[in-house]
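*Asks:* Just passing along the structure, written as structure tokens.
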Amino acid sequence: MWLKLLIGLVFAGMVISLAAGAGFLLRDDSSSRRLLISLKWRIGLACLLMMLLIFGFLSGELG
């Protein structure tokens with residue numbers, strides 16, 4: 001059960017990072033690096049999500 005909750009939290013973090021990145025894209029000037037930082041967070045969270053999903057399927061928790 002904890003794995004499903006963790007997967008949900010990571011996915012929610014990805015959605016929040018996506019929304020923040022869209023806001024930075026619309027509001028910031030071209031020299032701002034906040035959009036790049038948001039993308040880095042989203043890539044890291046996506047890697048973590050993939051590892052959690054692979055672990056869940058291999059361990060049998062996500063059947």
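*Asks:* Could you count how many residues in segment 18-34 are open to solvent by 70 Å² or more (accessible area, probe 1.4 Å) and of a type outside the set (Asp, Glu)? Reasoning before the result, please.
*Replies:* First pass over segment 18-34, keeping only residues open to solvent by 70 Å² or more (accessible area, probe 1.4 Å): 18, 25-27, 29-31, 33-34.
From what's left, of a type outside the set (Asp, Glu): 18, 25-27, 30-31, 33-34.
The total comes to 8.
*Asks:* Can you tell me which residues in segment 46-55 are open to solvent by less than 40 Å² (accessible area, probe 1.4 Å) and over 9 Å from the mean Cα position of the chain (by Cα)? Step through it out loud before you land on a result.
*Replies:* First, pick out the residues of segment 46-55 that are open to solvent by less than 40 Å² (accessible area, probe 1.4 Å): 46, 49, 52.
Within segment 46-55, just LEU52 meets the criteria.
Quick grid of which residues meet (1) in contact (Cβ under 8 Å) with a residue 24 or more places away in the chain; (2) in contact with a Ser or Thr (Cβ under 8 Å, 6 or more places away or on another chain):
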{"position": "PHE11", "(1), (2)": "yes, no"}
{"position": "GLY21", "(1), (2)": "no, yes"}
{"position": "PHE24", "(1), (2)": "no, yes"}
{"position": "ASP29", "(1), (2)": "no, no"}
{"position": "ILE37", "(1), (2)": "no, no"}
{"position": "MET51", "(1), (2)": "no, no"}
{"position": "GLY56", "(1), (2)": "yes, no"}
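*Asks:* If the requirement is being of a type outside the set (Asp, Glu), surrounded by fewer than 14 Cβ atoms within 10 Å (Cβ to Cβ) and assigned to a helix (DSSP H, G or I), which of these qualifies: ILE7, ILE43?
*Replies:* Every option except ILE43 fails the conditions.
The values are calculated or read from the model by the stated rules, or taken from the named source; none is laboratory data. No experiment lies behind these values; they were computed from the predicted model shown. For neighbour counting, all protein chains shown are included, and Cβ atoms are generated from backbone atoms with ideal geometry for every residue, glycine included. Calculation scope for accessible area: heavy atoms of the full protein, side chains included, ligands and nucleic acids excluded. Shrake-Rupley method; radii C 1.70, N 1.55, O 1.52, S 1.80 Å.
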